[in-house]
Amino acid sequence: MKTSLSRLLTLLSILLFIPLWELIVRVSDLPKFILPSPLDVWTRFIKALNDGSLLFHTSITFVEVLLGLLAGTLFATIVGYMLAKSRTLEKILSPYLVASQAIPIVAIAPLLVIWLGDGILSKVVICALIVFFPVLVNTIVGVRAVSIPLYDLMNSLRATRLQILFKLEIPASLPVLLGGLRIGATLSVIGAIVGELVDAEQGLGFLLQLGDFQYDTSMVFVAVFMLIALALILYGMVTLLERKFIK
Amino acid sequence: MRKSMLSNPALVVKDLSVNFRDNHSTIHALENISFNVQAREFVCFLGPSGSGKTTLLRVIANLIQPTSGAVEFTFDHQPKIGMVFQQPNLMAWRSVLENIKLPLELENVDKDIANQKANELIQLVGLKGFENSLPRDLSGGMAQRVGIARALIHDPDLLLLDEPFASLDAITRERMWMELSNICQAKQKTVVMVTHSINESLFLADRVLVLTQRPGKIKLDVEVNLPRPRQEEMRYTNQFGELAKKLRSAIE
Ligand SMILES: Nc1ncnc2c1ncn2[C@@H]1O[C@H](COP(=O)(O)OP(=O)(O)O)[C@@H](O)[C@H]1O
Ligand SMILES: [Mg+2]
């Protein structure tokens, strides 16, 4: 009962959003290039869909986000695991890791574009960097939280290092790890857009900027909605992983 | 009745001492412990809490290194160990069946064989119908029984039991005594168990060794010449009373 009610509320709030938007457009009477109506955006969406540009740019961004997320997560879990296992390594590396967090990604994005070019690679790296830290922290927390008596159990059974990793450490820390991935997924979308806004010939960030330059505000709205959709899809994928792996 | 003098020791512990250091002080957990355990013997260590019982089992299981002394096995292979911990110590993400199968999984035993063995043990420890339950849905007693089944499934050479029944209610505990006793008889297990319950030690063991309060030293070593299978009623016999009295006075 409770869940169906809350679902209904969510649905209602989404459904109410469009009439409310329409109402604001009519009352305020702003020009289309400042605030387009829902119908303007829908028309623009259909047009971009039909000429193929929307799918193209969305898929570019999606690939960047996904590759960045994968690379960042992979790297962060490996480094995180090593840091969780070695206090010495943590002492050596943690000043750099913390300092790296003080630099906003926006500040180094232009550098990365200069170094790596305005193609997909620079965006993937930006995504990976932005994903790295939250996944790293969650990995460390997750691995450190594995119960010591369970290590005793594994060792009493003379488990190998790999068995301890796959049968104990990974499953035990998976909930926390996926929590990190959830945060990382949303951040990765932001990373790709930041990179594309710096300089790109393709992607939703490029479309966003193009719409902005051409006073095609409906296009900007379409791009923003596509970004939201991307973030939701990624979020959904992480949720599916959680459903599959966490009992 | 097995006599420890007739020697075919499975386990020889020599002059074992374990110290723990924290920042300032050194804790002497065990001091100069020496004893043998015969093959198929059920040996019980009796001691108050803090007497180093858990530490002793951890040294035997090779989980920690002793400060001095040695633990030697006389098996012709690395002995397989089945350990039951003071807490159930189950993997929260695994079902009852999967928890019990863990030792076989680590030995890469065929899945069907593993399932069959696990189901036999589930039957034995009375968990039929709970195969697919997760540890969080079990009572303390049920979880502990999963731990016991897990310790038996890979047919270990040596069973190490760390107060395995301390968290059970009295009725379940006595039932588990009977079951463990039967299992060990049937499977001819070599067992080292630690406990602080005199009744438990007399119900199960062939031999009881009493540990002193810190540092743990062996204060008494007695044969339990009570007939097997041991029954509820033997508690009211003179022989039992004598032994219990002897142990009680040794524990202080
Ligand atoms: N890893 C450890 N580090 C420091 N002290 C420990 C450690 N393990 C046990 N001790 C100490 O050793 C003594 C014996 O502990 P333990 O073997 O757990 O006793 P028991 O199981 O008989 O209650 C206790 O005083 C305990 O605090
Ligand atoms: Mg203990």
_Take the conditions open to solvent by less than 60 Å² (accessible area, probe 1.4 Å), closer than 22 Å to B:Ala151 by Cβ, modelled with pLDDT under 95 and within 14 Å of chain A (Cβ to nearest Cβ) and apply them to B:Ala10. Does it pass?_
no
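Which residues, counting only those in the range B:184-196, are of a type in the set (S, T, N, Q), within 15 Å of ligand 2 (Cβ to nearest atom) and open to solvent by 30 Å² or more (accessible area, probe 1.4 Å)? First the steps, then the outcome.
First pass over the range B:184-196, keeping only residues of a type in the set (S, T, N, Q): B:185, B:188, B:190, B:195.
Next cut, within 15 Å of ligand 2 (Cβ to nearest atom) only: B:195.
Those that are of a type in the set (S, T, N, Q), within 15 Å of ligand 2 (Cβ to nearest atom) and open to solvent by 30 Å² or more (accessible area, probe 1.4 Å): none in the range B:184-196.
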Practice problem: Answer yes if at least one residue in the range A:193-215 is under 12 Å from the mean Cα position of the chain (by Cα), closer than 26 Å to A:Leu112 by Cβ and surrounded by 24 or more Cβ atoms within 10 Å (Cβ to Cβ), and no otherwise. | Solution: yes
Per the list (1) in contact with a helix residue (DSSP H, G or I) (Cβ under 6 Å, 6 or more places away or on another chain); (2) surrounded by fewer than 22 Cβ atoms within 10 Å (Cβ to Cβ); (3) not hydroxyl-bearing (Ser, Thr, Tyr), residue check on B:Leu160 breaks on (2)
Here the qualifying pairs (Cβ atoms under 8 Å; residues six or more apart or on different chains; first in the range B:214-239 and closer than 21 Å to B:Glu174 by Cβ; second in a strand (DSSP E or B)) come out as B:Val224/B:Arg207; B:Val224/B:Val208
Matching residues in the range B:128-170 (over 14 Å from the mean Cα position of the chain (by Cα), more than 21 Å from B:Leu46 (Cα to Cα) and either within 16 Å of ligand 1 (Cβ to nearest atom) or not in a loop (DSSP other than H, G, I, E, B) (or both)) number 8
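Give the range B:43-72 a look and list any residue that's in a strand (DSSP E or B) and within 13 Å of ligand 2 (Cβ to nearest atom), or say none.
As a first pass, look at the range B:43-72 and keep what is in a strand (DSSP E or B): B:43-46, B:68-72.
B:Phe45, B:Leu46 - these are the residues of the range B:43-72 that are in a strand (DSSP E or B) and within 13 Å of ligand 2 (Cβ to nearest atom).
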Those residues of the range B:125-137 that are more than 22 Å from B:Lys187 (Cα to Cα), open to solvent by less than 80 Å² (accessible area, probe 1.4 Å) and in contact (Cβ under 8 Å) with a residue 40 or more places away in the chain come to a total of 2
Out of (1) over 30 Å from B:Leu226 (Cβ atoms); (2) open to solvent by 30 Å² or more (accessible area, probe 1.4 Å); (3) more than 16 Å from ligand 2 (Cβ to nearest atom), the one B:Arg94 does not meet is (2)
Would you confirm whether or not the range B:108-124 contains a residue that is buried (at least 17 other Cβ atoms within 10 Å of the Cβ), outside any loop (DSSP other than H, G, I, E, B) and within 10 Å of chain A (Cβ to nearest Cβ)?
no
Here the residues within the range B:5-25 that are closer than 19 Å to B:Leu211 by Cβ and more than 16 Å from ligand 2 (Cβ to nearest atom) are B:Leu11, B:Val12, B:Val13, B:Lys14, B:Asp15, B:Leu16, B:Ser17, B:Asn19
Screening B:Arg207, B:Arg228, B:Arg173 for residues that are within 21 Å of B:Ala151 (Cα to Cα), more than 16 Å from ligand 2 (Cβ to nearest atom) and in contact with a Ser or Thr (Cβ under 9 Å, 6 or more places away or on another chain) leaves only B:Arg173
Checklist entry - Does A:Leu136 meet the test of being open to solvent by 10 Å² or more (accessible area, probe 1.4 Å) and assigned by TED's automatic domain parsing to the domain that holds A:Ala48? => result no
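When you check A:Asp216 against the structure, is it closer than 20 Å to A:Ser37 by Cα, without any contact (Cβ under 8 Å) to a residue 12 or more places away in the chain and more than 14 Å from chain B (Cβ to nearest Cβ), yes or no?
no
With respect to A:Val176, is the statement that it is in a helix (DSSP H, G or I), under 21 Å from A:Phe75 (Cα atoms) and more than 10 Å from every other protein chain (Cβ to nearest Cβ) true? Steps first, please.
Numbers: in a helix (DSSP H, G or I): yes; under 21 Å from A:Phe75 (Cα atoms): yes; more than 10 Å from every other protein chain (Cβ to nearest Cβ): yes.
Here the answer is yes, as A:Val176 does meet what is asked.
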Among the residues of the range B:52-84, the number that are within 10 Å of another protein chain (Cβ to nearest Cβ), of a type outside the set (Val, Ile, Thr) and within 12 Å of ligand 1 (Cβ to nearest atom) is 3
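The values are calculated or read from the model by the stated rules, or taken from the named source; none is laboratory data. Just so we're clear, the structure is a prediction, and the values are computed from it rather than from any experiment. Please note: Cβ atoms are built from the backbone with ideal geometry, for glycine as well, and neighbour counts cover all protein chains shown. Heavy atoms of the whole protein, side chains included, go into the accessibility calculation; ligands, DNA and RNA do not. Shrake-Rupley method; radii C 1.70, N 1.55, O 1.52, S 1.80 Å.
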